[in-house]
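The values are calculated or read from the model by the stated rules, or taken from the named source; none is laboratory data. If you're wondering where the values come from, they're calculated on a predicted model, not measured in any experiment. Every residue, glycine among them, receives a Cβ derived from its backbone with ideal geometry; neighbour counts consider all protein chains shown.
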Amino acid sequence: MNKNIESRNKEENLLDTMTTYSSFLLGVIYNIIRDRETAKDILQNTYVKAVKAVQNNRYCEEDRPKARLAKIAKNESISYLRERRIHAIHDYHPADQLSEWLTDTSCPLDIGIDYGDIQHAIAEVVAKQ
């Protein structure tokens, strides 16, 4: 029972700390993300992660709470950017764009290129990969 009270006190202290530094943390996240709505979402993730750290006894009140929360916020922001970059890479299909370019035979400079040969050569290279 005493352990639950101690954990609850730590969570309440953390919530007070997060309220105190919420504007600062939102600024940290916004400087990385550059989108206010996404920054607010990441701030919520930061709070959840901090509360879980308290519940799992990985958060020490003697630590500098502002710095600790800022580090969590920064890491959450970087994770978001990495995830977004990975999705962007998976959504990008250069072969689709390349085939569009190759089927468009309207070249502004008529320099005597046979687009059929180029398309065939590129198709062979893509097939080998």
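When restricted to residues that are modelled with pLDDT under 90, of a type outside the set (A, V, I, L, M) and under 16 Å from Ser79 (Cα atoms), region 35-64 contains 0. On inspection, Ala95 qualifies as touching a helix residue (DSSP H, G or I) at 6+ places or on another chain (Cβ under 7 Å), part of a helix (DSSP H, G or I) and modelled with pLDDT under 75. Checked against (1) modelled with pLDDT under 90; (2) surrounded by 10 or more Cβ atoms within 10 Å (Cβ to Cβ), Ser22 meets all criteria but (1).
Being touching a helix residue (DSSP H, G or I) at 6+ places or on another chain (Cβ under 7 Å) and of a type outside the set (Lys, Arg) holds for only one residue in Ser77, Ser23, and it is Ser77.
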